[in-house]
Amino acid sequence: TLYGIQYVSYNVHAIQHIVDDADKYGNLDAISCFPFENKLKDIKRLIRKPSQALPQIIRRLSEEFLGAEDQHDKPELKFSHQNGPVPANCPQGVAQFKQVQCKSFKLNIDHNGDRCVSYDNNKVAVVRNILKIGDSIWLVVSKFHTIDDVFTYPCPSTKVGIYHVRDIEAIIDVIPVMSVVKCVLLPVPNEDSFTAAKFLHRMY
């Protein structure tokens, strides 16, 4: 009505269906294709000449992927020690470390701010040792026995990775480093408990 039929593009037509899409699929951010559209500019930068665009893109992406693999997929272990704890079924003389440095963050058994993790469907634990067994890195952890919501409105906080934790167990578990998400651990004033909040990225 305002601009004439010549300006009715597919996007204009799609506006008529926004309400139905929101009813069917939920929040519009969850079904937006803008991330894909924004990625196109990055893909265009990979093309250096007009012919054979697709092979160029594949080669450049392969180079980036292999380069990233070389640089980031090997966590760096630091500060060797022999102070334990080590589970009884571990190999004799297993290598122990105080810190593991990954692409996005580190875990350090000597610093309370760097040794809280979540794993296995919202278990929360404190890292007590870092082991290297063969080519694999494992974490020795003690988990919190009690995990509750910090808030329940507008949704339970545990659904978004925020936990009220207390009563740490003496029993230790051994878990692979690739299975954990780092958490921030904050003491709750005047209580013998903590608030643990997941980081937005994983260890790998």
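So which residues in the stretch 141-155 are open to solvent by less than 50 Å² (accessible area, probe 1.4 Å) and of a type in the set (Asp, Glu)?
Residues satisfying the conditions do not exist here.
Restricting the first residue to the stretch 84-108 and requiring it to be under 25 Å from Leu185 (Cα atoms), which pairs with a second residue that is of a type in the set (Gly, Ala, Ser) and part of a strand (DSSP E or B) meet a Cβ separation below 6 Å and a spacing of at least six or different chains?
Once the first residue is under 25 Å from Leu185 (Cα atoms) and sits in the stretch 84-108, its partners that are of a type in the set (Gly, Ala, Ser) and part of a strand (DSSP E or B) give Phe97/Ser80.
Tell me which residues, restricted to the stretch 1-36, are surrounded by fewer than 10 Cβ atoms within 10 Å (Cβ to Cβ), small (Gly, Ala, Ser) and in a helix (DSSP H, G or I).
Result: Ala30, single match.
Ser136 - would you say it is open to solvent by 30 Å² or more (accessible area, probe 1.4 Å), touching a residue at least 60 places away in the same chain (Cβ under 8 Å), within 21 Å of Lys78 (Cα to Cα) and in contact with a strand residue (DSSP E or B) (Cβ under 9 Å, 6 or more places away or on another chain)?
No, not satisfied.
Name every residue in the stretch 149-169 that is without any contact (Cβ under 8 Å) to a residue 24 or more places away in the chain and part of a loop (DSSP other than H, G, I, E, B), in order of residue number.
Phe151, Thr152, Tyr153, Pro154, Cys155, Pro156
May I ask you to verify whether Asn121 is among the polar types (S, T, N, Q), without any contact (Cβ under 8 Å) to a residue 60 or more places away in the chain and crowded, with 21+ Cβ neighbours inside 10 Å?
In short, no.
I need the full set of residues from the stretch 94-115 which are of a type outside the set (Lys, Arg), buried (at least 17 other Cβ atoms within 10 Å of the Cβ) and either assigned to a strand (DSSP E or B) or more than 20 Å from the chain's Cα centre (by Cα) (or both), in order please.
Within the stretch 94-115, Gln96, Phe97, Gln99, Val100, Leu107, Asn108 qualify.
The values are calculated or read from the model by the stated rules, or taken from the named source; none is laboratory data. These figures come from a predicted structure and were not determined experimentally. Ideal geometry is used to build each Cβ from the backbone, glycine not excepted, and the neighbour counts take in all protein chains shown. Areas reflect the complete protein model, heavy atoms only, side chains present, ligands, DNA and RNA absent. Shrake-Rupley method; radii C 1.70, N 1.55, O 1.52, S 1.80 Å.
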